[in-house]
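Chemist: Just passing along the structure, written as structure tokens.
The values are calculated or read from the model by the stated rules, or taken from the named source; none is laboratory data. Just so it is clear, the structure is predicted and the values come from calculations on it, not from any experiment. Cβ: placed from backbone, ideal geometry, glycine included. Neighbour counts: every protein chain shown.
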Amino acid sequence: MLMHVIHMGHDVFKANDKIAEKNRKTLDKHGVFSVNVMGAIGSGKTTLIEEAVRHLKDKYKPAVIAGDVIAEMDASRFRKLGVPTIPVNTGKECHLDAKLVEKALDEIDLDNTDLLIIENVGNLICPVDFKLGEHLRVVVVSVTEGDDIILKHPMIFKTSELAIINKVDIAHAVDVDAEKMREDILSLNPDIPVILTSKHDWESLETWISFIELGLRRAQEAQRK
Ligand code: MG
Ligand code: ZN
């Protein structure tokens, strides 16, 4: 997982940043608001994205990029919702990079899209260094990962713009204090919004979904100006 940190120098990150900037321009030109959803395997990224897509697809035109070592499994879940979905297999790589997203963007009808949700590969380390051109960086962490998971991975919480603590309905069962997790996140990044979610609690999902919708609306307003 840490291989690229050892093998890659600054040039690789710089080259990636350049392509990420280009992706951002492409997205902006087409008025597409994009969200990069990061988090470990099993944190619940796919379910949170599904819920967002399900509730936004009648009002907006979402598309999904499903990045994974084997992307097809999650991709088929998104396709079932009837939205354009591009699976991106990363093979041995444990993160998406801007180049992979650039290629995926070629396959999306951007004129018919206003929201792009990108599910990153399950990993709390590498995605930090690889910007994709996204407008919103989201990190998802589940209470099942234990309440020391956050302080062990400070960078992803410092560089994200929204943090989600998921599966809070089972916090008690796994002996984890979700409030302590929130405090840990805020100790790393005092200004970050933190949402506690459970797929069994619609109100909590609504908070997450309205966060996306707010960003989307702002982006649309900015484009009109
Ligand atoms: Mg997934
Ligand atoms: Zn990686």
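Chemist: Which one of these does HIS10 not meet: (1) at pLDDT below 95; (2) surrounded by 17 or more Cβ atoms within 10 Å (Cβ to Cβ)?
Modeler: So the condition that HIS10 fails would be (2).
Chemist: One residue is enough: does the stretch 139-155 have a residue meeting the conditions among the basic types (Lys, Arg) and farther than 25 Å from LYS99 by Cβ? Walk me through it before giving the result.
Modeler: At the first step, the residues of the stretch 139-155 found to be among the basic types (Lys, Arg) are 152.
Keeping just the survivors that are farther than 25 Å from LYS99 by Cβ gives 152.
Checked against the condition, which is being among the basic types (Lys, Arg) and farther than 25 Å from LYS99 by Cβ, the stretch 139-155 yields at least one hit.
Chemist: Let me ask you something else. So for the stretch 96-117 (the condition being under 18 Å from the mean Cα position of the chain (by Cα), buried (at least 22 other Cβ atoms within 10 Å of the Cβ) and of a type in the set (Lys, Arg)), does at least one residue qualify?
Modeler: No, the stretch 96-117 contains no residue that is under 18 Å from the mean Cα position of the chain (by Cα), buried (at least 22 other Cβ atoms within 10 Å of the Cβ) and of a type in the set (Lys, Arg).
Chemist: Quick test for you: out of GLU107, GLU119, pick the one residue that is within 19 Å of VAL140 (Cα to Cα) and either aliphatic (A, V, I, L, M) or at pLDDT 95 or above (or both).
Modeler: Details: GLU107 fails: within 19 Å of VAL140 (Cα to Cα).
GLU119 is the lone residue from the list that is within 19 Å of VAL140 (Cα to Cα) and either aliphatic (A, V, I, L, M) or at pLDDT 95 or above (or both).
Chemist: Also: Given the options LEU132, LEU116, LEU100, name the one that is away from ligand 2 (no atom under 15 Å from the Cβ), closer than 27 Å to LEU56 by Cα and among the hydrophobic types (A, V, I, L, M, F, W, C). Step through it out loud before you land on a result.
Modeler: Working: LEU132 fails: away from ligand 2 (no atom under 15 Å from the Cβ); LEU100 fails: away from ligand 2 (no atom under 15 Å from the Cβ).
When all the criteria are applied, what remains is LEU116.
Chemist: Can you confirm whether the stretch 177-191 contains a residue that is part of a loop (DSSP other than H, G, I, E, B) and within 21 Å of THR47 (Cα to Cα)?
Modeler: No - not one qualifying residue is present in the stretch 177-191.
Chemist: Collect the residues in the stretch 197-214 that are within 16 Å of the chain's Cα centre (by Cα) and not in a helix (DSSP H, G or I), keeping them in residue-number order.
Modeler: THR197
Chemist: Moving on. For residues in the stretch 67-97 being within 16 Å of ligand 2 (Cβ to nearest atom) and not in a loop (DSSP other than H, G, I, E, B), which is farthest from SER34 (Cα to Cα)? If you could, list the steps in order and put the result at the bottom.
Modeler: Let us first name the residues in the stretch 67-97 that are within 16 Å of ligand 2 (Cβ to nearest atom), namely 67-71, 88-97.
Of the ones still in play, those that are also not in a loop (DSSP other than H, G, I, E, B) are 67-68, 88-89.
Numbers: GLY67: 14, ASP68: 18, VAL88: 16, ASN89: 19 Å.
Among those residues, the one meeting the criterion is ASN89.
Chemist: Now, a different point. Name the pairs whose Cβ atoms lie under 8 Å apart, with the first residue in the stretch 19-34 and under 13 Å from GLN223 (Cα atoms), the second assigned to a loop (DSSP other than H, G, I, E, B) and of a type in the set (S, T, N, Q), and 6 or more positions between them or separate chains?
Modeler: Correct list of pairs: HIS30/THR113; VAL32/THR113.
Chemist: Additional query: Quick check on this structure: which one of ILE49, ILE41 is within 24 Å of THR144 (Cα to Cα) and in a loop (DSSP other than H, G, I, E, B)? Talk me through it step by step, then tell me what you get.
Modeler: Details: ILE49 fails: in a loop (DSSP other than H, G, I, E, B).
Unique residue meeting the criteria: ILE41.
Chemist: What tally of residues in the stretch 105-126 results from selecting those that are under 22 Å from LEU216 (Cβ atoms) and within 16 Å of ligand 1 (Cβ to nearest atom)? If you could, list the steps in order and put the result at the bottom.
Modeler: Within the stretch 105-126, the first condition is being under 22 Å from LEU216 (Cβ atoms), and the residues that meet it are 105, 107-120.
Pick out the ones that are also within 16 Å of ligand 1 (Cβ to nearest atom) and you get 117-120.
Matching residues across the stretch 105-126 total 4.
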